[in-house]
Structure formats: C-alpha cells, structure tokens
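Scroll down for the structure; my scribbles are underneath it.
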Amino acid sequence: MAGERRPPMGRNDRRNQKPKSKAEIEKAREERLKEQQAKALEDWRPVTELGKKVKAGKIKDINEALKSKILEPEIVDLLLKTKEDILNIGQAKGKFGGGKRRAWRQTQRKTKEGNVATFSCMAVVGNEGHVGLGYGRAKETLPARAKAVRKAKLNLQKIRMACSSFDCTCGEPHTIPFIVEGKAGSSRVKLMPAAQGTGLVAGDELKKILRVAGIKDVYSVTKGKKRTTLNMAKACIDALSKTMEM
C-alpha cells in the first residue's frame, strides 16, 4: 500500500547482502556521471558565438566546430560522444624507493602554516579520429581530474586514419596514413603504420592515447627521456597532429 514504510534493515539482513562486484560499481558510477552530464548540458547557457550556434542546432558536426577556437567544453559534449582516460604521471611512496606509478602527481609547498599539498593529473579525451590532451592542478584529486578533462576537450583536434601498411589491403581506417614523428622536450615519438591485427606496439601510457584516438594498429619508436610521461604524451599528440599536414 502507498505510504507504508519498510521496516529497518537488521544486522543479519546486511550480512546476507551480496557485496557488489567491481564491474557493478563501475557501471553504477558511469550511469551517475552520464545523468550529471545530461543535466549539466540542459542547464548550459553558452557564452561564445560558437556555443550559441551549437546549442541552437546550427552546427551539428564536430569538424565544422573545430574550424574555430573551442572555448566551452560543452560544445564537445554535444557534438561528440567521447572516451576519456587518465595517464599515470605520479608515483606512490614505496619501500626503498620502489613506489608504484599512479595517476596523481603530488607536490608540496612550504609555508608558515605548514606543507600545502597540490595534486596534478593528465587526461586524454577523444573518439574515432579525434583526440585531445589536458593537464590540471588543484588542491584535491577530483577537481584536478575535472580540470584535466575540461582542458583536454578544449584541446581536441582531428587526426587522419587510413589503411596504409604495405602488407595490408583491408581498406578500413585502422592505422595512421604515413610515418610521423613528434617531440616534446627531450622525448621523441615515431609512429609507423601497421597491418590489421598487429595491435598497438607502444608503451602503456602511449597505448591509452592511441586507443582513445581510435587507432588499433601501429608501430612506435621512442627516444630521449622515456620516463617523463608528460613529455612522452605531448610528443605522441604532436606526432598524431602531423597526420593532417599532407
């Protein structure tokens, strides 16, 4: 009946409940984020001229929007269904200096009040043929991630994909069209086309960028300071951007 209140859950009932698996928790989290994003897009009031055209439905293609400078991340959310991932740029404390890699880089500033911690994060956003990289800093981890994702959407750019390996004739866009090389600091990343089924022959962090960009098969060669993840990621984005030069 309407208005009836359920009896409070006892201790035995809580014990009998099955714990949720990691996949169920991740699925519930994704659904909650989608609901929040949909509500934010409904309440969005564009400020720029490009944002007003996208909100009114005059621009429906992300490639047409990329001809102008994107200053609002909601433009990307409306025009493109993006994937996102976090790069491991930090390192957790470990015994004898053997810490594990993690997504958050923590730094401290000495003040009169004590140590002030700052967290930084690097995110990659993209879809088939589009990719963007962003870097965010904040006093807490979640705001730093939000900043990084926002900047990655603002830095979104188009890349070219093709079937260009000499031993592949599938005709599907699964790799890059030709050999490209990018650099950032002392890091160098060289990407080469590969046949279908080869996979991503690259480091773990470069794989995240290539996978988000929609590339399925590629060979890579890296030079310079490879442990500097920030420069390696920037060099990879620089190499992917050069696919549009020809």
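If you take the residues of the range 88-115 that are touching a Lys or Arg at 6+ places or on another chain (Cβ under 8 Å) and in a strand (DSSP E or B), which of them is modelled with the highest pLDDT?
Within the range 88-115, the match that is modelled with the highest pLDDT is ASN115.
Within the range 28-64, which residues are of a type in the set (Lys, Arg) and within 17 Å of LYS81 (Cα to Cα)?
The answer is ARG32, LYS34, LYS39, LYS55, LYS60.
Go over the candidates ARG160, ARG150 one by one and state the one that is modelled with pLDDT of 90 or more, in contact with a helix residue (DSSP H, G or I) (Cβ under 6 Å, 6 or more places away or on another chain) and in a loop (DSSP other than H, G, I, E, B).
ARG160
May I ask you to say which residue of THR118, THR169 is assigned by TED's automatic domain parsing to the domain that holds GLY203, of a type in the set (S, T, N, Q) and either outside any helix (DSSP H, G or I) or more than 21 Å from the chain's Cα centre (by Cα) (or both)?
So the residue among THR118, THR169 that is assigned by TED's automatic domain parsing to the domain that holds GLY203, of a type in the set (S, T, N, Q) and either outside any helix (DSSP H, G or I) or more than 21 Å from the chain's Cα centre (by Cα) (or both) is THR169.
Return the only residue of LYS52, LYS83 being over 18 Å from GLY129 (Cα atoms) and of a type outside the set (Ser, Thr, Tyr).
The match here is LYS52.
In this structure, is GLY99 of a type outside the set (D, E, K, R) and touching a residue at least 24 places away in the same chain (Cβ under 8 Å)?
no
Restricting to the range 232-242, count the residues that are among the aliphatic types (A, V, I, L, M), in contact (Cβ under 8 Å) with a residue 60 or more places away in the chain and within 17 Å of ILE86 (Cβ to Cβ).
So the count comes out to 2.
Would you pick out the residues in the range 165-210 that are of a type in the set (S, T, N, Q) and either crowded, with 18+ Cβ neighbours inside 10 Å or within 24 Å of LEU230 (Cβ to Cβ) (or both)?
SER165, THR175, SER186, SER187
Only residues that are within 17 Å of ASN231 (Cα to Cα) and aliphatic (A, V, I, L, M): list them for the range 94-124, please.
ALA103, MET122, ALA123, VAL124 - these are the residues of the range 94-124 that are within 17 Å of ASN231 (Cα to Cα) and aliphatic (A, V, I, L, M).
Would you check which residues across the range 172-211 are under 27 Å from LYS81 (Cα atoms) and either in the same structural domain as GLY134 (by TED's automatic domain parsing) or of a type in the set (Ser, Thr, Tyr) (or both) and list them?
THR175, THR198
Which residues, taken from the range 151-166, are more than 19 Å from ALA195 (Cα to Cα), in contact (Cβ under 8 Å) with a residue 40 or more places away in the chain and over 10 Å from the mean Cα position of the chain (by Cα)?
LEU154, LEU156, GLN157, LYS158, listed by residue number.
Identify all residues within the range 27-50 that are within 25 Å of SER68 (Cβ to Cβ) and over 20 Å from the mean Cα position of the chain (by Cα); write none if there are none.
GLU42, ASP43, TRP44, ARG45, PRO46, VAL47, THR48, GLU49, LEU50, listed by residue number.
Mind checking which residues of the range 212-231 are under 26 Å from LEU80 (Cα atoms) and either modelled with pLDDT of 95 or more or of a type in the set (A, V, I, L, M) (or both)?
VAL212, ALA213, ILE215, VAL218, LEU230, listed by residue number.
Evaluate the following for GLU74: is it assigned by TED's automatic domain parsing to the domain that holds GLN36 and within 17 Å of the chain's Cα centre (by Cα)?
yes
The values are calculated or read from the model by the stated rules, or taken from the named source; none is laboratory data. Just so you know, these numbers come straight off a predicted model, no measurement behind them. Glycine also receives a Cβ, built like all others from the backbone with ideal geometry; neighbour counts cover every protein chain displayed.
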